[in-house]
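J.: Dropping a structure here in structure tokens format, bear with me for questions.
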Amino acid sequence: MILTRSRTAAPLLLLLLLTVAFTACGEEAEPASDPPRTVEVTAEDTGSSVSLSPDDEVVITLDSNVTTGFAWHLAKEPDPAVLEVVGSNYVAPDSDLVGTGGEEVWTFRAVGDGSTEIELSYERSSGETAGEPFVLSVDVAG
């Protein structure tokens, strides 16, 4: 038996390969977006400002000692169109000593363009305050 090539097989194969190649080249990849960032600040950063993009978070960690009756409270809520309060929690010290302080961690998420301010005060439920408030200016731009 003698095998013969079809005169149309080679051009069809070439056409198929070119179609696949050009189709792959024509697809545009989605631009990679930056993942949300987390900006961490502490008491030393009071009075400063941070710049965020939407969905970024700012985490504020401040010394706190619940055994004294004091805790950090929002003295001035940020503009909810710019920054939302995700939450706060107390992190107990890694110590068995009575009266040892821990930390309070406050988390905020950028939700829209604009500027706002976070102000936290260290106070008792009676309203008595201790120390200076923590203040942070936040600018969000998408």
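J.: Those residues that are in contact (Cβ under 8 Å) with a residue 60 or more places away in the chain, assigned to a loop (DSSP other than H, G, I, E, B) and under 16 Å from residue 131 (Cβ atoms), I need them from segment 55-86; list them, please.
T.: 70
J.: Answer yes if at least one residue in segment 51-66 is surrounded by fewer than 13 Cβ atoms within 10 Å (Cβ to Cβ), within 21 Å of the chain's Cα centre (by Cα), at pLDDT 95 or above and among the polar types (S, T, N, Q), and no otherwise.
T.: No, segment 51-66 has no match at all.
J.: Tally the residues that are touching a Leu at 6+ places or on another chain (Cβ under 7 Å) and surrounded by fewer than 15 Cβ atoms within 10 Å (Cβ to Cβ), restricting the search to segment 116-138.
T.: Matching residues across segment 116-138 total 0.
J.: Considering each residue of segment 87-142, count those that are assigned to a loop (DSSP other than H, G, I, E, B) and at positive phi, and give that number.
T.: Summing the residues that are assigned to a loop (DSSP other than H, G, I, E, B) and at positive phi in segment 87-142 gives 3.
J.: Of the residues that sit in segment 92-115 and are within 21 Å of residue 44 (Cβ to Cβ) and modelled with pLDDT of 95 or more, which one is surrounded by the most Cβ atoms within 10 Å (Cβ to Cβ)?
T.: In this case the residue turns out to be 108.
The values are calculated or read from the model by the stated rules, or taken from the named source; none is laboratory data. Computed from a predicted structure; not experimentally measured. Neighbour counts are summed over all protein chains in view; Cβ atoms, including those assigned to glycine, are modelled from backbone coordinates with ideal geometry.
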